[in-house]
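These notes are about the structure you will find just below.
The values are calculated or read from the model by the stated rules, or taken from the named source; none is laboratory data. Since the model is a prediction, treat every value here as computed from it, not as a measurement. As a convention, Cβ positions derive from the backbone with ideal geometry for all residues, glycine included, and neighbour counts pool all protein chains shown. Each accessible area value is taken on the protein alone, full model and side chains, heavy atoms only, with ligands, DNA and RNA left out. Shrake-Rupley method; radii C 1.70, N 1.55, O 1.52, S 1.80 Å.
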Amino acid sequence: MAYDEALAARVRKRLAAQRGVSERRMFGGLCFLLKGHMCAGINGATLMLRVGPERYAEALARPHAREMDFTGRPLKGMIYVDPSGIASAAGLGRWLQLAVAFVGSQPAKKAATKTTKRATRKRKAAARPARTR
């Protein structure tokens, strides 16, 4: 998974003050989640942001922004910001602020629980009807 480590460190530093931030490898890069929701990500040297449907057109109208078309179709509410738009600390901060405002307004996701294979097999076995001979 290729992503700009220096950009990741800059984003990490900017999001450090936010509560509920975590990281996960997604979309071929690194994503930053806020309260369990994807907020920002890095793919190569490009920043991905979740700005929401209400501010999508406004965000796209800004310089250096373009549609996030990772799947071949634009994802409404998600944008890419080219490296020239996040070269300065202030520029990066303004873009991240837009994503944090949207994602921060969403209710927190419940944490997913990990189930072991053994526990899954036991649960399935208990749910099966008893055999009669």
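Rounded to the nearest 500 deg cm²/dmol, what is the calculated helix-only ellipticity per residue at 222 nm for the chain, with -39500 (n - 2.57) per DSSP H run of length n ≥ 4? Helices in the chain give a 222 nm mean residue ellipticity of -10000 deg cm²/dmol. With both labels modelled 7 Å from their Cα along Cα-to-Cβ, the ARG25 to ARG62 distance reads 2.9 nm. Each Lys and Arg contributes +1 and each Asp and Glu -1, all at the Cβ; summed about the Cα centre of region 4-94, the dipole is approximately 340 debye. Surface analysis of the chain yields an accessible area of 66 Å² per residue, using protein heavy atoms and a 1.4 Å probe. Each semi-axis of the equivalent ellipsoid for region 41-115 is √(5λ) with λ an eigenvalue of the Cα gyration tensor; in descending order they amount to 22, 15, 14 Å. Contact order, relative form, for region 1-117: 23 percent (alpha carbon pairs under 8 Å, 6 or more residues apart, mean separation divided by residue count). Per atom type, the chain shows carbon and sulfur on 53% of its accessible surface, probed at 1.4 Å.
Taking the inverse of the mean reciprocal distance over all distinct Cα pairs, the Kirkwood hydrodynamic radius of region 1-60 comes to 11.9 Å. Summing charges over neighbours of TRP95, with a neighbour being any other residue whose Cβ is under 10 Å away from its Cβ, gives +3 when K and R count +1 and D and E count -1. Comparing PRO129, LEU34, LEU98 along the charge dipole axis of the chain, the residue lying farthest to the positive side is PRO129, per the Cβ-charge model.
Loop-located GluC sites (Glu not before Pro) across region 41-78 with a Cβ neighbour count of 13 or fewer within 10 Å are GLU54, with loop assigned by DSSP. Rounded to the nearest Hz, the phi-derived 3J(HN,Hα) couplings of region 14-20 under the Karplus curve 6.51 cos²θ - 1.76 cosθ + 1.60 (θ = phi - 60°) are 5, 8, 4, 6, 7, 7, x, where x marks glycine and proline.
For the chain, the Kirkwood estimate of the hydrodynamic radius, built from every pair of different alpha carbons, is 16.5 Å.
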